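Taking it in order: structure first as structure tokens, then the write-up.
The values are calculated or read from the model by the stated rules, or taken from the named source; none is laboratory data. This is a predicted model, so every value here is computed, not measured. FYI the Cβ positions are ideal-geometry reconstructions off the backbone, even for glycines, and counts take in every protein chain you see.
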Amino acid sequence: MAKSTLNFKIIGIVLAVVLLAVVIFFVARPAQEQVVEDPAQEEPIAEDPADPAAQLNWDGRPLPAIGRDTNHGRPFNPTEKVNWDGRHERFLHGVNATVLPVVEDPVTLTLWASFTSPIMEGLHESYFFKELEARTGVRTEFVYPPVGEAVTNFNMRIAAHDLPHIFVTPPPYPGGEWQGVVDEIYLELTPYYERGLMPNFSWMRNNHHLFAEEIYRDTMDDEGRIFFWPKVDVVPSHPWSGLWVRTDWLEDLGLEMPETIDDWTHMLRTMRDEKNVAPLALNVSLWYGVAYNYMFVSSFEAGYDWINKDGEVVFGPTLPGYRQWLELMNKWHAEGLIDPDFPARDFAGYNAHIAGGNIGAFGLAYGEIGPILTAGRAIDPDFSAQAVVMPTSYAGQVIRLRQNNAIVRGRGNREYFTTRLVDDGLDDIAVVWKDYWFSQDGGDLASYGPEGVSFRWLPDGEYEWIFPRLFDEEEGLDFWTIMPQFKVHNWAYLRNSLAYMMTPEALQSIEIWGTQSADWVMPDHLAFTPEEEAELAGIMVDVNTYRDEMTLRFIVGDEPLGNFDAFVSTLEDMGLARATEIMNASLDRYFARGR
Amino acid sequence: MVLLNNKSNKYQLQATSAQLSESWFKKISIDWKKYWPLYMMVLPAVLFYLVWLYGPMWGSLIAFQDFSIRHGFLGSPFVGLENFIKFFESPFAFRVVRNTVMINFWNLVFGFTLPIIFALLLNEIRNRYFKRVVQTITYMPYFIAVIVVAGLLVNFTSSDGIFADITVFFGGAPTNLLARPELFRTIFVGSEIWQFMGWNSIIFLAALAAVNTELYEAAIIDGASKLKQIYHVTIPGIMPTIIILLILQVGSIMNLGFEKIILLYNPLTFETGDVISSFVFRRGIENAEFGFSAAVGLFNSAVNFAMVIIANRISAVLTETSLW
Amino acid sequence: MRQTSGEKVFSVFNYFLMFILCVVMLYPIWHVAMSSVSDPVRLFTERGIRLLPIGDLTLKGYELVFQNPNVAIGFMNTAFYVGVRTILSMVITVMAAYVLSRKGPYWNGAISKFIIFTMYFQGGIIPFFLMVRAMGLMNNRWAIILPVLVSTWNLIIMRTAFAGIPESLIESAKIDGASDFRIVWTIVVPVAQATVAVIALFYAVTMWNTWFNPAIFLTDRALWPIQLILREILLEHAAVTAAQFGAAGVTEQPMFHLLLQYSTIMVVTVPILLIYPFLQKYFISGVMIGSIKG
């Protein structure tokens, strides 16, 4: 019929398709590489290099003599941790196996790091990096993602293959961290490790007097591959969050620090009656709440999420202890012992409520206690608080769950080398340079800053801060703000996690909470295959939503506790059995990592 | 009213194919000769859309891929409807879609009509100075960051907040309003109105200003009261604007940003407050599941588009005003 | 013209209603303004209705904002972006809206559909990012302006307004020999000035508020608009990170975050509030079509 008309339409459509194809081709051009086969099958377990003391340095230079100032003014001892400065035992955790300077002719490494500060233009101003450059001969250049847009910047760089030499604490790699290696973005470190270019790191993994086993396991994946630099808290601060009580109220009311659940009930009731408030500040699924702190749920030997019950992974909310915890919370809520606004409080509101003098007991991270004490005392000069351990629900109970930091900190604290180092021929140098951060000398520099500039060792074996700006009353800046000028915080190095100015309450809290064990807390460094990861994520999104919702409903009484069994079976219908299977498999593989 | 859509002439079906193609080609040439200045004038806009909106459009196909940002579009495998299935498999898929639609529906009923009524009322204010002051003040909330508005709201709805005080005054018990799922939509839509009514009324004020004053004069001469004037002159005068905006709003039925939702909801109000965007957000876009979020986006787009087509058709038939 | 008693009652009610609305709508900005000069420590704890600044008045929040050298640059950049973008966008949108509002051209329907389709189907951020890169616009001012030159929503509204202009006005101008181009600027825009002013306002305000595209595409701080500078200042002082790792706040420093939040909102909102009254006159008063004839 109307063939000629159709012809024009066909031509038009063809032209449009061609145009679209041209645009697609032009724009999507960067992606032309083949998908790389996962080399998992062929990779051997990372073998530890031979004793470094018997060899020459990696670049052929002779090793310095062992001694305090034998390594370009720095200490050198590749096999033994030594006390050069009369400092306390607990500050000694590594050897000094790096021959300085790392390079004779200066090179420059580009580091991608999220950084913003009201008093510094950039990290190049830091005394730490200046001293590091002076010692190692390696210059560092920094690129910063736009503030708050680290994830987008990271993804765009991957898409455009526009890489720095090192990613410092990047966002999660799409598809899992190992996928970064498979995609030839991240550089695998195992070959360098086996060639002996990481002697400090290796010593730490094998010889650390307290934590070698844990460090060994947590620095590699199930196949024994090393591909990230971790933050290792060799001077640990295990718990950073837990329960607190208003000690001035305890005094007023003639109460003791509560130790059992019944103590708590009694204390809260007394506070409610005498102080006319709902005394317990509770947050369930977000910060410092049950999900992070195991607040009271550990008293019933259950958890809000996965727990490692003597080697077996269990999802906390399916345990009978979870029901007992719900019953307790429900009872307390009904009696008016829990802040009635607790479901809707936002982060700032939660802190404000506590500082406002409305709360007698709360969950909190030790970092928040400073501002709350300051604000609280502005209203009530007697405001004081102290950390308290998790209560027991029966005599003789051993608590096994509390907030915990592993020695090797989690995924958000890693640094990754990129393949650009190989392209630029700087890979060996970068590995040796980064390994220096894991020596005693390098770790100290990162933890405290340059000696004599920011801190100094005292005759009694302790240290003190001497950075002048810290004591400038007029400026009134706090330690946190000034700190980037002389030390690093969330980077990968041998870290003293207590090397900060902390309120006495904070230091005390670490000690108090640390008296209870965290045996049942899931390890931070489980590894999953991309398929497992995707499957698990798919199941857990729904499980978590349902659990979050139902838990609150049980607590406030919108859902009768008789429905608990129905709740558990719904969770199971959502695929919990499969998720548990995946978790257990991963945990087994984790503990199978050995030496 | 204005007819905005072009329909081709239906009466040439009897012509032969040769005549048909000849006449079409001829029509095009005549059209071009007559209107080429207009086509030149619209060219920059067309180029803009071609480059910036059609150029990247291949990205919507990511919804059908297991997309790897490293390998890009050409290097990622196609997985058909897998991403969509992943979304709909969730027991909460229906709930979040329903919540999205319900909140947007109520926002349409109240958030769309109130600015119109407000504009009409404001238009009746005689005092020019008062009018301008009112107008300036009522659009200010638009500029307050969401996080501040949410903070205020969380504050007002708490058991010691102003709404609780009012409840107590009338003899009720003070509770936290954001903990009640049955109130979430009311609070959310209410806050949208509070923030946007003034700003949204601007376009209607402009439409009101465009109504020919001679028409009012004619109506007054005819003896029409204020109410009759509004009914016979004002409302018909701004009707095309209202209808077009209504169609556009209907076409946003699936669009609900997560920012404010996340700040106002909590697990107790998931039942009514968890929407598509917040659900997808909790899944962790940080995990960069590009294929999955593209699939959800494409699903939203498809529903929106379908709604717009329906609304457009209805409007074309009923009112002769339509989008295309 | 005399009002009926009914109309008088309505009028009183109307004024009263407007007054109540003003009070309710003014509260958020009032709250922000009062908070921005309040004592930061007490700001931390006190919630609730705020009619006056609490505690000692302090300008510390504004100090923290303005001591940043990038603030002045930020304002200048924003002025550039807003000015250039509004002008370019308006020219293109006005012309396109005029064309699409005419009944004659054969391709209008197709072009309209072509444009409206993009409101519903987009590529997403990755292809968009790659596009900007492919055009060589990384770290370039035009990366902020070019990709957002036309807003379909604005275009449609303007088209609707232009379609409502009496055909007779345009016919008579054509008879007088005016080109379409001339007609647009001498007849159409003045007659539809209310809508044109509003769309210009919309374009200007969206550009004023923009920070995401600059965040992704502009690495050089000298090119940043004020919204991004302020966002950075805010995030610099974020007290949240301090909390996680145990550093103690020995002074009020961590408290400034809230104060700063309020101060930055005021800094970014007040300029708009000052400019708005100048635009209002275009869409408050009515238009006498008759006066435009000839």
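List the number of the failed condition for A:ASN330; all other conditions in (1) among the polar types (S, T, N, Q); (2) within 25 Å of A:PRO523 (Cβ to Cβ); (3) touching a Leu at 6+ places or on another chain (Cβ under 8 Å) hold.
All conditions pass for A:ASN330, except number (2).
Name every residue in segment A:498-541 that is within 14 Å of chain C (Cβ to nearest Cβ), assigned to a loop (DSSP other than H, G, I, E, B), touching a residue at least 40 places away in the same chain (Cβ under 8 Å) and of a type outside the set (A, V, I, L, M), in order of residue number.
Answer for segment A:498-541, where residues must be within 14 Å of chain C (Cβ to nearest Cβ), assigned to a loop (DSSP other than H, G, I, E, B), touching a residue at least 40 places away in the same chain (Cβ under 8 Å) and of a type outside the set (A, V, I, L, M): just A:THR503.
So which residues in segment A:237-272 are under 16 Å from A:GLN386 (Cα atoms) and polar (S, T, N, Q)?
Listed by number, the residues that qualify are A:SER241, A:THR247.
Checking B:ILE62 against (1) within 9 Å of chain A (Cβ to nearest Cβ); (2) crowded, with 21+ Cβ neighbours inside 10 Å; (3) on the phi < 0 side of the Ramachandran plot: exactly one of these is not met. Which one?
Among (1) within 9 Å of chain A (Cβ to nearest Cβ); (2) crowded, with 21+ Cβ neighbours inside 10 Å; (3) on the phi < 0 side of the Ramachandran plot, the lone unmet condition for B:ILE62 is (1).
So C:ALA110 clears everything in (1) in contact with a helix residue (DSSP H, G or I) (Cβ under 7 Å, 6 or more places away or on another chain); (2) within 30 Å of B:PHE64 (Cβ to Cβ) except one condition, right? Which one?
(1)
Write out, first by first residue and then by second, each pair whose Cβ atoms fall under 7 Å of each other, whose residues are 6+ apart or on separate chains, and whose first residue, in segment C:88-108, is facing another protein chain (nearest Cβ under 7 Å) and charged (D, E, K, R) while the second is in a helix (DSSP H, G or I) and crowded, with 18+ Cβ neighbours inside 10 Å.
Qualifying pairs under 7 Å: C:ARG102/B:LEU38; C:ARG102/C:ASN108.
Given the residues B:PHE170, B:PHE110, B:PHE188, B:PHE94, which is the only one that is within 19 Å of the chain's Cα centre (by Cα) and more than 26 Å from C:ASN14 (Cβ to Cβ)?
Working: B:PHE170 fails: within 19 Å of the chain's Cα centre (by Cα); B:PHE110 fails: more than 26 Å from C:ASN14 (Cβ to Cβ); B:PHE94 fails: within 19 Å of the chain's Cα centre (by Cα).
Going through B:PHE170, B:PHE110, B:PHE188, B:PHE94 in turn, the sole match is B:PHE188.
Only one of (1) within 11 Å of another protein chain (Cβ to nearest Cβ); (2) under 28 Å from A:ARG195 (Cα atoms) fails for A:TRP480. Which number is that?
(2)
Any idea how many residues of segment A:483-497 are at the interface with chain C (Cβ under 10 Å from one of its Cβ atoms) and in contact with an Asp or Glu (Cβ under 7 Å, 6 or more places away or on another chain)? Steps first, answer last, please.
Step one: of segment A:483-497, the residues at the interface with chain C (Cβ under 10 Å from one of its Cβ atoms) are A:483, A:489-490, A:497.
Narrowing the set further to residues that are in contact with an Asp or Glu (Cβ under 7 Å, 6 or more places away or on another chain) leaves A:497.
Looking only at that region, the number is 1.
Could you list all residues from segment A:478-493 that are of a type outside the set (A, V, I, L, M) and either at positive phi or in a loop (DSSP other than H, G, I, E, B) (or both)? Even if it seems obvious, please write down each step before you answer.
To start, the set of residues in segment A:478-493 that are of a type outside the set (A, V, I, L, M) comprises A:478-481, A:484-487, A:489-491, A:493.
Within segment A:478-493, A:ASP478, A:PHE486, A:LYS487, A:HIS489, A:ASN490, A:TRP491, A:TYR493 meet the criteria.
Considering only helices (runs of 4 or more DSSP H) fully contained in segment A:420-477, which possess at least 1 residues that are out of contact with any His (no Cβ under 8 Å at 6 or more places or on another chain), more than 14 Å from A:VAL102 (Cα to Cα) and within 14 Å of chain C (Cβ to nearest Cβ)?
Details: elements: A:420-423, A:427-436, A:440-448.
Ranges flagged: A:440-448.
Among the residues of segment B:160-179, how many are surrounded by fewer than 19 Cβ atoms within 10 Å (Cβ to Cβ) and under 20 Å from B:PRO267 (Cβ atoms)?
1
From the set of residues in segment C:72-90 that are surrounded by 16 or more Cβ atoms within 10 Å (Cβ to Cβ) and of a type in the set (Val, Ile, Thr), which is farthest from C:GLN193 (Cα to Cα)?
Within segment C:72-90, the match that is farthest from C:GLN193 (Cα to Cα) is C:ILE73.
Run down A:VAL151, A:VAL138 and say which single residue is more than 14 Å from chain C (Cβ to nearest Cβ), touching a helix residue (DSSP H, G or I) at 6+ places or on another chain (Cβ under 7 Å) and either touching a residue at least 40 places away in the same chain (Cβ under 8 Å) or farther than 30 Å from A:LEU470 by Cβ (or both). Give the steps one after another, and end with the answer.
Details: A:VAL151 fails: more than 14 Å from chain C (Cβ to nearest Cβ).
Answer to the check: A:VAL138.
Has segment A:533-553 got any residue that is out of contact with any Lys or Arg (no Cβ under 8 Å at 6 or more places or on another chain), at positive phi and surrounded by fewer than 21 Cβ atoms within 10 Å (Cβ to Cβ)? Give the steps one after another, and end with the answer.
Taking segment A:533-553 first, the residues out of contact with any Lys or Arg (no Cβ under 8 Å at 6 or more places or on another chain) are A:533-534, A:536, A:540, A:542-543, A:546-553.
Checking which are at positive phi leaves us with none.
Within segment A:533-553, not a single residue is out of contact with any Lys or Arg (no Cβ under 8 Å at 6 or more places or on another chain), at positive phi and surrounded by fewer than 21 Cβ atoms within 10 Å (Cβ to Cβ).
Would you point out which residue out of A:PRO258, A:PRO239 is within 30 Å of A:GLY176 (Cα to Cα) and in a loop (DSSP other than H, G, I, E, B)? Show your work before the answer.
On the way: A:PRO258 fails: within 30 Å of A:GLY176 (Cα to Cα).
A:PRO239 is the lone residue from the list that is within 30 Å of A:GLY176 (Cα to Cα) and in a loop (DSSP other than H, G, I, E, B).
Listed here are the residues, each with its yes/no results for (1) under 30 Å from C:GLY55 (Cα atoms); (2) in a helix (DSSP H, G or I); (3) not β-branched (Val, Ile, Thr).
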{"position": "A:SER298", "(1), (2), (3)": "no, yes, yes"}
{"position": "A:ASN308", "(1), (2), (3)": "no, no, yes"}
{"position": "A:GLN324", "(1), (2), (3)": "no, yes, yes"}
{"position": "A:LYS331", "(1), (2), (3)": "no, yes, yes"}
{"position": "A:GLY336", "(1), (2), (3)": "no, no, yes"}
{"position": "A:PRO340", "(1), (2), (3)": "yes, no, yes"}
{"position": "A:ALA348", "(1), (2), (3)": "yes, yes, yes"}
{"position": "A:ASP382", "(1), (2), (3)": "yes, no, yes"}
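Restricting attention to helices (runs of 4 or more DSSP H) lying wholly within segment C:183-269, give those where 1 or more residues are at pLDDT below 90, within 26 Å of the chain's Cα centre (by Cα) and over 20 Å from C:ILE29 (Cβ atoms). Can you show your working first?
Working: elements: C:193-209, C:212-217, C:226-236, C:240-244.
Because the criterion is at least 1 residues that are at pLDDT below 90, within 26 Å of the chain's Cα centre (by Cα) and over 20 Å from C:ILE29 (Cβ atoms), the helices (runs of 4 or more DSSP H) in segment C:183-269 that meet it are C:193-209, C:212-217, C:226-236.
Yes/no matrix, rows are residues, columns are (1) crowded, with 23+ Cβ neighbours inside 10 Å; (2) more than 18 Å from A:GLU131 (Cα to Cα); (3) at pLDDT 90 or above:
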site	(1), (2), (3)
A:LEU470	no, yes, no
A:GLU473	no, yes, no
A:GLY476	no, yes, no
A:GLN485	no, no, yes
A:ARG495	yes, no, yes
A:THR503	no, yes, no
A:ALA506	yes, yes, no
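Do you know which residues across segment C:126-156 are more than 30 Å from C:ALA192 (Cβ to Cβ), in a helix (DSSP H, G or I), more than 7 Å from chain B (Cβ to nearest Cβ) and free of Cβ contacts under 8 Å to residues at least 40 places away in the same chain? Show your work before the answer.
Here is the first cut: in segment C:126-156, the residues more than 30 Å from C:ALA192 (Cβ to Cβ) are C:126-141, C:143.
Going one step further and asking which of them are in a helix (DSSP H, G or I), we end up with C:126-134, C:143.
The next check asks that each one be more than 7 Å from chain B (Cβ to nearest Cβ); those that pass are C:129-130, C:132-134, C:143.
Across segment C:126-156, the qualifying residues are C:LEU130, C:ARG133, C:ALA134.
If a residue counts only when it is more than 9 Å from every other protein chain (Cβ to nearest Cβ), in contact (Cβ under 8 Å) with a residue 24 or more places away in the chain and under 22 Å from B:THR157 (Cβ atoms), which helices (runs of 4 or more DSSP H) contained entirely in segment B:232-324 have at least 3 such residues?
Details: elements: B:235-250, B:258-264, B:270-273, B:276-282, B:290-319.
Ranges flagged: B:258-264.
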